[in-house]
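A single structure is presented below for examination.
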């Protein structure tokens, strides 16, 4: 079918239909292939924090000695990142083999790229005989392409307004969409930072499904500086450390550890594995410090909920008047995000990056912010004029943050 992985990836990219959010064709495809997924798995949904929570779970279980599959999207650098086993991305050869095996059927049923990607994850993890899998929802929950199996645990990190054209215009509708991952008699865990209305809805759905309900606690005894955040989970798990200057990492860790405790009879994990797992490589483009004097931080805050957390984190670090280099997708509420950035007296420069959803200058609401179309030029110009004690934040979308993180690792900004 496809002679190279480049052709196969182009095939996936051509079917990246973000305007479709229904399951009839995908369900028919699954029925045709008599699909079932029997690998023990955790299903993770939520507006923000689900990727970090998945990564922490995968790292800790791997440290304990389990063989762990993780499906997470979108990718930041390479498509292969979406399918990982113990932190190792799928090889081009394995991915090409899988795509070629099902390519004709993919086209016959006309399913979307994300549906293909989710299906391939289930097949890959089953064939690789992982001990357990961590599956991140793409969008919402009920109609998501990942919502085709019964997990050991359902996690909903939080619920704020997002993807309203697909999930609903209200918090109630979005909470119901996310609660669609709750299965009968399967425990459900929610994050501590969840609003009262969606919390009530999720509790109600859990009760109807006769599913045990859990909520993560807030971290205690927090210490935060530019090298790490330290916090207590409980008396036996005190002074836990994560190598990120991010309060939201502590919140996500509390969710992940609570999930581990819920499943400890099926998949026991030692306290030492938890401590070690939290210290492993965190996700890039999340409060990622890439330069000092001036300090430059890349963070993929990509919606009002994430921007609120970023602003709170800047306040905890006592960062005043940060310089913001900002590029957002055209379907995001940037007015609300700009209002939040004013709380820390941010100085904003807008830019653009090469993505079909990236906003051009005329797509932003009226503002007085300078716009530099090249993000490389924008960053270099800001660096040249910044003082050594300034803090520069590169943010606005996860795609933009990931793109800049990749360029930084390639040495683009070294000259």
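Is one or more of the residues making up region 43-62 over 17 Å from residue 269 (Cβ atoms) and more than 17 Å from the chain's Cα centre (by Cα)?
Checking region 43-62: not a single residue is over 17 Å from residue 269 (Cβ atoms) and more than 17 Å from the chain's Cα centre (by Cα).
Condition check: under 22 Å from residue 141 (Cα atoms), touching a residue at least 12 places away in the same chain (Cβ under 8 Å), surrounded by 15 or more Cβ atoms within 10 Å (Cβ to Cβ) and in contact with a helix residue (DSSP H, G or I) (Cβ under 6 Å, 6 or more places away or on another chain). Does residue 187 satisfy that?
It is true that residue 187 is under 22 Å from residue 141 (Cα atoms), touching a residue at least 12 places away in the same chain (Cβ under 8 Å), surrounded by 15 or more Cβ atoms within 10 Å (Cβ to Cβ) and in contact with a helix residue (DSSP H, G or I) (Cβ under 6 Å, 6 or more places away or on another chain).
Identify the residue in region 1-27 that is part of a helix (DSSP H, G or I) and in contact with a helix residue (DSSP H, G or I) (Cβ under 6 Å, 6 or more places away or on another chain) and, among all such residues, is surrounded by the fewest Cβ atoms within 10 Å (Cβ to Cβ).
25
Every residue, every condition in (1) modelled with pLDDT of 95 or more; (2) surrounded by fewer than 22 Cβ atoms within 10 Å (Cβ to Cβ); (3) under 24 Å from residue 155 (Cα atoms), yes or no:
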site: 93; (1), (2), (3): yes, yes, no
site: 99; (1), (2), (3): yes, yes, no
site: 115; (1), (2), (3): yes, no, yes
site: 120; (1), (2), (3): yes, no, yes
site: 124; (1), (2), (3): yes, yes, yes
site: 131; (1), (2), (3): yes, yes, yes
site: 134; (1), (2), (3): yes, no, yes
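What do you reckon, is residue 324 touching a strand residue (DSSP E or B) at 6+ places or on another chain (Cβ under 9 Å) and in the same structural domain as residue 390 (by TED's automatic domain parsing)?
Criteria met by residue 324.
Residues checked against (1) in contact with a helix residue (DSSP H, G or I) (Cβ under 7 Å, 6 or more places away or on another chain); (2) more than 17 Å from residue 248 (Cβ to Cβ):
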position: 293; (1), (2): no, yes
position: 300; (1), (2): yes, no
position: 304; (1), (2): yes, no
position: 317; (1), (2): no, no
position: 328; (1), (2): yes, yes
position: 334; (1), (2): no, yes
position: 343; (1), (2): yes, no
position: 348; (1), (2): yes, yes
position: 356; (1), (2): no, yes
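Now, a different point. Can you find a residue that is part of a helix (DSSP H, G or I) and closer than 30 Å to residue 195 by Cα anywhere in region 68-86?
Yes, that holds for at least one residue.
OK, next. Give me a count of the residues in region 102-150 that are under 19 Å from the mean Cα position of the chain (by Cα), within 20 Å of residue 74 (Cβ to Cβ) and outside any helix (DSSP H, G or I).
The qualifying residues number 14.
Inside region 236-261, can you point out the residues that are surrounded by fewer than 19 Cβ atoms within 10 Å (Cβ to Cβ) and closer than 18 Å to residue 134 by Cβ?
Passing the criteria: only 261.
The values are calculated or read from the model by the stated rules, or taken from the named source; none is laboratory data. Because the structure is a prediction, the values reported are computed rather than measured. Using ideal geometry, Cβ is built from the backbone for each residue, glycine included, and neighbour counts are taken over all protein chains shown.
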